[in-house]
Every structure is written in structure tokens, then in C-alpha cells.
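Participant: Okay, here's the structure, questions in a sec.
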Amino acid sequence: MYRMNFFDFSRAGELLQAAIAADPNYATPYAYAALWHIHNVAQGWGAERGPDAAEAARLAAAAVDRAPADGFALAVLGHAKALLFKDYDAALDLFDRALSASPGNAMAWTLSSGVYGYLGDGQSAITRAEQGLRLSPADTQAYFYLMFLGQAHYINGNYDEAVVWARKTAGLNGRLSANLRILAAAYIAKGQVEEARSVAKMLLDIQSQFQLSVYRERCPFKSDLRDRFIEHLRQAGLPD
């Protein structure tokens, strides 16, 4: 799943469904299958706010039903609520529950960074992303942790830091679309237009049908932050 190339990613989805079928009462594959659908939307491979979003929420809720104190399952459900449905209040409550149940869960800390960032609280987003990275510095998903830290710095206006962490993320996984958007926007904020346009071309190689008008509806950032982000992406050369 984490390689983010379409062939392997599709195979991961099949294997997760097989895991659910093998033991329908085991929460973990439901949570990972939900995360698969979240990634599918974020990568531009799934329908915007369509069946993938609904299936992500359904699977994450099924994981929580089977393991109500599972910090990872709660965090994935919170992430789905914030990223795909902009239900920030529900997400905040779920992350509180996740970290109360599992205060050492690195992914819960990292995903919680997202909702604080979407709401414009960049400093809290940074703190949470740093805690996730501190708890699991050598995780197979390290690029995902670094991406959230880069996003948090972008939201907080620390554009130099945003570029540093987004570039580290790209070095580990150059196909993570969410990170390429952050990197392109941060470059524009720093006045590095050519670098931003190079990143935008990389994004379009992955998502050839990417359009700002479509992405704007899904973008999880609140209004003023979203407008700034979209304008930065437009200046980077991404099409309307």
C-alpha cells in the first residue's frame, strides 16, 4: 500500500478485503482498508466525495465497532471525518478518544496533526506531527509522518521548514500527491516559481486529470487557508 504506485496499491486493496473475509471480527484490517480508501481519494484514483469516501468512513466505523479502544482505528475514523467530510468537531473528539486509549500511538498523533492544521492551528499541528515522528522515527510510513510535519509548517507560515520536510518526504516517496501539493505551494510562498512548477509537473504525472476547481471542493483546509493554498497551487501552474 505504501509504495503509492497504482499496481501495488490495487493489490493491497484486494489483500485487505481478503483479510476482512478471513476474520470479519478482527478490527485491524478494517482500519487499514479504510486508510486504503482515504489514500485512493487523496491520490486522485478514487471518486471525489464518492463511494471511496463513504467506504472509508464505513470501514473505519466498523473497525471502531469491533475494537472501541483501538487508538489506530479511532484515529483513522477521525482522519476520514476531517479529510473527506470536513466534520472537524467529530474528528477532534475521535482523536481525543484515540490518544486517551493509546497515548503512545504514533499514527494517532500524526493524523491528529491534520485536523488541527485544517482548522488553521499550525502550531498545534506541528507539535502533534513532531510527537508522532518522535514516537516512531523509523516507521515504514515515515514519509507520511514527514508530510504532515511539512504541511503543519506550511499552515503556520514557516515556508522554509515546509520545504525542508516536504523535500524529505519526496525523497522517501516521490509519488505522494498530498506532499507534492504542499511542496509546490511552499515553493511559491518562498518565491521559487521554477521549483514549484517542476513539482507541479510531477503531480500531473501522477494525477493527469488534476483540476483545481475539483480539488477545491475536497480540500480540507478552512476557507481563508484554502483560498491561499489554491492560489499558491495555481501560481505553481496547476490547471483550473
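Readers should treat all values here as calculations from the given coordinates under stated rules, not as data from a laboratory. These numbers were taken from a predicted model, which means no experiment stands behind them. Neighbour counts are summed over all protein chains in view; Cβ atoms, including those assigned to glycine, are modelled from backbone coordinates with ideal geometry.
Participant: Using only the alpha-carbon atoms of the chain, report the extent along each of the three principal axes, biggest first, to the nearest angstrom.
Facilitator: Cα spread of the chain along its principal axes, largest to smallest: 51, 35, 32 Å.
Participant: If we sort 215-227, 155-167, 64-76 on the protection proxy, mean other Cβ atoms within 10 Å, highest first, what's the order?
Facilitator: 64-76, 155-167, 215-227
Participant: What angle, in degrees between 0 and 90 and rounded to the nearest 10, separates the Cα long axis of helix 106-118 from the longest principal axis of the Cα atoms of the chain?
Facilitator: Value to nearest ten degrees: 50.
Participant: Quick check for me: using +1 on Lys/Arg Cβ and -1 on Asp/Glu Cβ, what's the dipole size of region 41-199 about its Cα centre, in debye to the nearest 20?
Facilitator: Its charge dipole is roughly 260 debye.
Participant: Next question. Can you classify region 1-103 as rounded, prolate or oblate using the Cα gyration tensor, where a ≥ b ≥ c are the square roots of its eigenvalues, rounded means a/c under 1.5, and otherwise it's prolate if a/b beats b/c and oblate if not?
Facilitator: The shape class here is oblate.
Participant: Here is a follow-up. Rounding to the nearest 10 and keeping the result within 0 to 90°, find how far the Cα-based axis of helix 27-42 lies from the longest principal axis of the chain.
Facilitator: The answer is roughly 20 degrees.
Participant: Further, regarding this structure: Using only the Cα atoms of region 121-240, construct the convex hull and provide its projected area averaged over every direction, in square nanometres to one decimal. Write out the running numbers ahead of the final one.
Facilitator: Values: hull surface 26.9 nm².
Spelled out: convex hull of the Cα atoms, projected over all directions, averaged, 6.7 nm².
Participant: Now for a separate question. Taking only DSSP H segments of four or more residues, each worth -39500 (n - 2.57), what value at 222 nm results for the chain once the sum is divided by all its residues, to the nearest 500 deg cm²/dmol?
Facilitator: Mean residue ellipticity, 222 nm, calculated: -24000 deg cm²/dmol.
Participant: Using only Cα atoms, tell me the angle between helix 6-22 and the longest principal axis of the chain; keep it within 0 to 90° and round to the nearest 10.
Facilitator: Taking Cα atoms only, the helix is inclined about 20 degrees.
Participant: Could you calculate the contour length gain from Y2 to E231, that is, 0.36 nm times the residue separation minus the distance between their Cα atoms, to one decimal place in nm?
Facilitator: Answer, rounded to one decimal: 79.5 nm.
Participant: If we count other beta carbons within 10 Å of each Cβ, what is the order of M147, M1, M107, M202, fewest first?
Facilitator: M202, M1, M107, M147
Participant: Put +1 on the Cβ of each Lys and Arg and -1 on the Cβ of each Asp and Glu in the chain; which of T169, N40, G104 then has its Cα farthest toward the positive end of the dipole?
Facilitator: T169
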